Amino acid sequence: MAKKITQKEAKTATAPQSTPNVATKTSELQIPTANPDATTSEEIVEVVAEEVMAADDELLTQEIKDNTHIFEEFFDLDYAKSLAKLLEPIDKYYFRATLIGFDEELGEFPARNNPKRPLIFVSNHSGMAFPWDGMVFASALMKMNGYKLDKAARGLASPMLSQTNLMNPFLIHNFWKRAGGIDATSLNFETMMHYGESNFLIYPEGIKGIGKGFDKRYQLQRVSSSAVRMSIKYKTDIIPFATINAEYINPFSYSLKWLDDIVQSIGIPFIPVGPLTTLILLQPWMFYFAAPAKLTYVRGKRIKPYEMIDKPFEEITLEEFRAISKKIQKNMQAELSRMVEMYGQNPYDWGGFFRTILQNFSKLPYFVPIAWPFLFTEHERRYRRFKTRLAQLAEDAREAYKEAYLNEKPREESLVGLVKTATDTILKNPEVLLLYVPLVGWIPTLIKGFSREED
């Protein structure tokens, strides 16, 4: 669950003169900040996809119309909400994420400058590991804003994340797309600009960002100009935020280009080379491991690329797009460096982490990653059972059943409960044990990971 910082902490965050235009929030005094981007929930215009995709939209080409199936083809809102509830205790006890500048209750959540177009959230990407930084942010944002879809941020992600089961957490089939992810292609990006139900999230560094190596931590790699192009074309704002401490999810791991080239040919973005590499080879579940970095997300000053050039979109050259992208990258890098100074000096906060363990020892499964394969696998089984049962009910009973399931409090297993959950999971999904079998376990893991399943 995303943490709210206190008024004192918020003042500390904004005190230095070298740190302007960074949105903050308070929790002791529940009053809005004097943020020019601030808005009340009543002022936020909810726009559904059908309204956005009106016939008079001159930017809506036939190619885009033919591609609008990506909006709902795999996306399951119930699954996204259920998944956020699963991740909530993992965040609360393990990553202890703090979101600064995103709380709608305090008037901090950025409103759309153009009600018809989604905002584009962008951030640095890192970790040399599975993209836990993006998973935690998207889920925490949804939870913080009461699971409102118009405040959510659907992600544009590398197609590699959905090419194979192996790149889905703990081999859960089609995990990313069911949770709202969209393959990051030029056509999909432009199509999403006509999707009004939610904003969306993109990491403009791409795979090179998350796999850049610990020696390049907090150094923005080349930022793609795609977000700049879409922002200018559709006159919508970019909302940058700094992701702090994710560099320490898999610390002291480095990138070898020749090795990455090999594994990319089989659908794996990169292989981190560091202290945990041997453990990944021995224990398949370690492929999804994350260290308990205390994740912090700080919203920065919104960016308006369409005000950075006085030219029609059609007349802007590739060099000019790149020049704007470089300017934005420079500003994001400067703000990221300032935020690292403020929030990145104690990346694990070991004192706080161990206090959390001592105070919540019965919640052991959530701060011991070795238990996560059981939690995710059991969640998948329960959700599929829920969907089956939902389909069997009469139409007038479905909504009440769905509401009861989705409003159920997060199932926080005790130590004893974990044993029962693990037993049930093993009995119903014995293949989960293969993730723990040294060396030999990789054979069936890879077979299932690269198998083609029907959607």
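The values are calculated or read from the model by the stated rules, or taken from the named source; none is laboratory data. None of the values given here were measured: they were computed from a predicted structure. A quick note on method: Cβ atoms are made from the backbone with ideal geometry, for glycine too, and the neighbour counts reach across all protein chains shown. The area values use the complete protein model at the heavy-atom level, side chains included, leaving out ligands, DNA and RNA. Shrake-Rupley method; radii C 1.70, N 1.55, O 1.52, S 1.80 Å.
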### Query
Which number in (1) assigned to a helix (DSSP H, G or I); (2) in contact with a Phe, Trp or Tyr (Cβ under 7 Å, 6 or more places away or on another chain) marks the one condition that residue 117 misses?
(1)
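Does residue 360 satisfy being open to solvent by 60 Å² or more (accessible area, probe 1.4 Å), touching a residue at least 24 places away in the same chain (Cβ under 8 Å) and not aliphatic (A, V, I, L, M)?
Judged against the criteria, residue 360 is not a match.
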### Task
Provide a single number: the residues in segment 122-135 that are open to solvent by less than 10 Å² (accessible area, probe 1.4 Å), of a type in the set (A, V, I, L, M, F, W, C) and in a helix (DSSP H, G or I).
1
### Query
Can you find a residue in segment 269-289 that is open to solvent by 30 Å² or more (accessible area, probe 1.4 Å), in a loop (DSSP other than H, G, I, E, B) and closer than 30 Å to residue 229 by Cβ?
no
#### Entry: Sole exception among (1) touching a Lys or Arg at 6+ places or on another chain (Cβ under 8 Å); (2) in a helix (DSSP H, G or I); (3) open to solvent by 70 Å² or more (accessible area, probe 1.4 Å) for residue 346, by number
(2)
### Query
Quick check, is residue 212 in contact (Cβ under 8 Å) with a residue 12 or more places away in the chain and either touching a helix residue (DSSP H, G or I) at 6+ places or on another chain (Cβ under 7 Å) or surrounded by fewer than 21 Cβ atoms within 10 Å (Cβ to Cβ) (or both)?
no
### Task
Assess whether residue 312 counts as being surrounded by 16 or more Cβ atoms within 10 Å (Cβ to Cβ) and either more than 30 Å from residue 166 (Cα to Cα) or basic (Lys, Arg) (or both).
no
### Query
Applying the selection to segment 259-268, what residues are surrounded by fewer than 16 Cβ atoms within 10 Å (Cβ to Cβ) and either in contact with a Gly (Cβ under 9 Å, 6 or more places away or on another chain) or part of a helix (DSSP H, G or I) (or both)?
259, 261, 262, 263, 264
### Message
Looking at (1) assigned to a helix (DSSP H, G or I); (2) under 23 Å from residue 114 (Cα atoms); (3) under 23 Å from the mean Cα position of the chain (by Cα), which one does residue 314 not meet, given that it meets all the others?
### Response
(3)
#### Entry: Of all residues in segment 290-301 being of a type in the set (D, E, K, R) and assigned to a loop (DSSP other than H, G, I, E, B), the one that is most open to solvent (accessible area, probe 1.4 Å)
301
## Note on the structure
Screening 196, 181 for residues that are open to solvent by less than 30 Å² (accessible area, probe 1.4 Å), under 28 Å from residue 272 (Cα atoms) and either of a type outside the set (A, V, I, L, M, F, W, C) or without any contact (Cβ under 8 Å) to a residue 24 or more places away in the chain (or both) leaves only 181
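I'm checking my understanding of the structure. Among residues of segment 216-244 that are in contact with a strand residue (DSSP E or B) (Cβ under 6 Å, 6 or more places away or on another chain) and outside any strand (DSSP E or B), which one is farthest from residue 346 (Cα to Cα)?
Among residues in segment 216-244 that are in contact with a strand residue (DSSP E or B) (Cβ under 6 Å, 6 or more places away or on another chain) and outside any strand (DSSP E or B), the one farthest from residue 346 (Cα to Cα) is 231.
Do the conditions hold for residue 139, that is, is it among the hydroxyl-bearing types (Ser, Thr, Tyr), in contact (Cβ under 8 Å) with a residue 40 or more places away in the chain, at negative phi and open to solvent by 10 Å² or more (accessible area, probe 1.4 Å)?
The answer is yes for residue 139.
Please pick out the residue among 408, 412 that is on the phi < 0 side of the Ramachandran plot, open to solvent by 50 Å² or more (accessible area, probe 1.4 Å), outside any helix (DSSP H, G or I) and modelled with pLDDT under 75.
412
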### Summary
Of the residues in segment 220-254 that are under 16 Å from the mean Cα position of the chain (by Cα) and closer than 30 Å to residue 59 by Cα, the one that is surrounded by the fewest Cβ atoms within 10 Å (Cβ to Cβ) is 240
### Message
farther than 25 Å from residue 175 by Cα, among the aromatic types (Phe, Trp, Tyr) and in a helix (DSSP H, G or I): which single residue out of 354, 374 fits that description?
### Response
354
#### Entry: segment 77-90 residues that are within 18 Å of residue 365 (Cβ to Cβ), paired with ones that are hydrophobic (A, V, I, L, M, F, W, C) and buried (at least 20 other Cβ atoms within 10 Å of the Cβ) (beta carbon under 6 Å, 6 or more apart)
83/179; 84/142
### Query
Among the residues of segment 194-203, which ones are in a loop (DSSP other than H, G, I, E, B) and at pLDDT 90 or above?
194, 198, 203
